[in-house]
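J.: Here you go, one structure.
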Amino acid sequence: MKSQDVFDDREVNLVGLLFILLKRKKLIMSICGFTVLVSVVYSLRLPNIYSATAKILPPQKESGGALSALVGQAGGLAGLAASGLGGGDLYLGILKSRSVADGVINKLDLMKVYEVDTLEQARLTLQGRTIVQGGKDGIISITTEDKDPKLSALLANTIVEELGTTTVRLNLSKAGTERAFLEKRLDVVKKDLKIAEENLKTFCSEHKIVQVDSQTKASVESVARMKAELANREIQLSIVRAKQTDESPDIKALQSGIRQLKNEIQRISGSSVSAEGIPSVGSVPSLGLEYTRRLRELKTQEAILEQLTKQYEVAKLGEAKDSSAFQVLDEAVVPIKKSKPSRARIVILATISGGILSVLLAFLLEWIGNLEDAEKELLNRIKREIFSVRS
């Protein structure tokens, strides 16, 4: 059998292919043997890498401190939007932040461990050895790799600690801002309440306590409650506006609630809000009307003080939190077995690759050997041209 028959364009002679493989078996076996030897030596020189994994469960709904409580009282869309803040994506972003990485590097002195000169190089090395994943079940996994099994576990647990420190700092900053705002507002309301008490006391002393009927008192107290709620929502609007744009659903919901309250106050009062929400008491003598005004002011300031005090306490509780909202499901433990390299896989893949290349080379050499003299001369000229270009 002539070997050139194997490369006939019309058909492939399988027996001829087998004949070529047997003819070049020494070449194929030599290449495969060399590949196995090199891959074994290479895989044995690779260091063992150990992986450790920590798992955390972020809160399904993050508490926003006093702001969430304030917006939640507005109801409807605002409360819904406030309850949906945060989540797993937020924690994934914090885990990949530079502040967390720098905290881990400084705490474990990783610049010295990784033998690098700059903080940026240490960040890149740490990033290359850290895998952060969020599952469909909401659980976040932090996997770290290192040649030292103890360091791999320490890395994962330290990243979790830095995540907790960062989230606490962010929560404290937000709660502290809300607490300071409410504290200033409380001081103003307390002064206004004191003035209202003194005015009513002075009026009652001068006029021997003029009483009004129970219906007027009920109207005054009703308007006072609504005005307190109006003031409360205006405070909410001020807090939310400091953090969000006017297109925010929270702001739109609060503005809608404020408009409704003003309309209700106007309806009950029979006058505009600019008239301080005084009920229609045309039949009440002027002395009783003045008493009604002062009583209404006192009730309003009392109601505002009560609501603001509740919000202030919520803000103080939020600021006093000393731990992050996520839960650590599994701490990283020191791994016993290496995670990589898979030396057997390296050798097998290298052997398969070497075998394929050796077979292709055997066919190529056989094809070249069966070329006509003119074709061989042309091939040699091509080789000379290639080498002349390189030189």
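The values are calculated or read from the model by the stated rules, or taken from the named source; none is laboratory data. As the structure is a prediction and not an experimental result, all values here were calculated from the model. Please note: Cβ atoms are built from the backbone with ideal geometry, for glycine as well, and neighbour counts cover all protein chains shown. Surface accessibility is based on the protein's heavy atoms, side chains included, excluding ligands, DNA and RNA. Shrake-Rupley method; radii C 1.70, N 1.55, O 1.52, S 1.80 Å.
J.: Once you place label points 7 Å from the Cα toward the Cβ at residue 344 and residue 383, how far apart are they in nm?
T.: 4.3 nm
J.: Right, here's the next one. Stretch residue 120-residue 48 to full length: gain in nm at 0.36 nm per residue minus the Cα-Cα span?
T.: That works out to 23.4 nm of additional length.
J.: Go through 241, 381 and list them by solvent-accessible area, largest first, probe radius 1.4 Å.
T.: 381, 241
J.: Multiplying the sequence separation of residue 206 and residue 139 by 0.36 nm and subtracting their Cα-Cα distance, what value in nm do you get? Spell out each step's value before the answer.
T.: On the way: separation 67, 0.36 × 67 = 24.12 nm, distance 6.95 nm.
Here the segment from residue 206 to residue 139 would lengthen by 17.2 nm.
J.: In this model, which of 190/310; 190/227; 227/299; 262/316; 55/107; 150/337 are farther than 19 Å apart at the alpha-carbon?
T.: 262/316; 55/107
J.: Between residue 238 and residue 199, 0.36 nm times their residue separation minus their Cα-Cα distance comes to what?
T.: 11.1 nm
J.: Search the structure for amide H atoms under 5 Å from the amide H of residue 49, placed 1.01 Å from N in the peptide plane, and list their residues when 5 or more places away or on another chain.
T.: 339, 340
J.: Report the label-to-label distance for residue 26 and residue 361 in nanometres (one decimal), using points 7 Å from each Cα along the Cα→Cβ vector.
T.: Here the answer is 1.5 nm between the modelled labels.
J.: Calculate one ³J(HN,Hα) per residue across the range 127-144 by plugging θ = phi - 60° into the Karplus curve 6.51 cos²θ - 1.76 cosθ + 1.60, and present them in order as whole Hz with x for glycine and proline.
T.: 4, x, 9, 10, 10, 10, 9, x, x, 5, 7, x, 7, 9, 10, 10, 10, 10
J.: If R0 is 56 Å, what FRET efficiency do you get for residue 334 and residue 245 from their C-beta distance, rounded to 0.05? If you can, show how the numbers build up before the last one.
T.: Values: r = 49 Å, r/R0 = 0.88.
The computed FRET efficiency comes out at 0.70.
J.: Taking the Cβ-Cβ separation of residue 187 and residue 310 as r and a Förster radius of 22 Å, what is the calculated FRET efficiency to the nearest 0.05? Walk me through the numbers before you get to the answer.
T.: Working: r = 16 Å, r/R0 = 0.74.
E(calc), rounded to 0.05, equals 0.85.
J.: On a 1.4 Å probe surface of the protein chains, which of 222, 205 comes out largest in accessible area, and what is the full order? Mind showing how you got there, number by number?
T.: On the way: 222 30, 205 80 Å².
From most exposed to least exposed: 205, 222.
J.: A further question on this structure: Evaluate the distance, in nm, between pseudo-label points positioned 7 Å from the Cα of residue 266 and of residue 371 along their respective Cα→Cβ axes.
T.: If labels sit at residue 266 and residue 371, their model points lie 9.6 nm apart.
J.: Let me ask you something else. Convert each backbone phi in the range 40-56 into a coupling constant with the Karplus relation 6.51 cos²θ - 1.76 cosθ + 1.60 (shift: θ = phi - 60°), then list the ³J(HN,Hα) values in order as whole Hz, x for Gly and Pro.
T.: Running phi through 6.51 cos²θ - 1.76 cosθ + 1.60 with θ = phi - 60° gives 5, 4, 5, 5, 5, 7, 6, x, 6, 10, 10, 10, 10, 10, 10, 10, 10 Hz.
J.: Here's something else I'd like to know. Under 16 Å from a point placed 7 Å out from the Cα of residue 92 along the Cα-to-Cβ direction: which residues of the range 116-135 have their backbone N that close?
T.: Answer for this model: 131-135.
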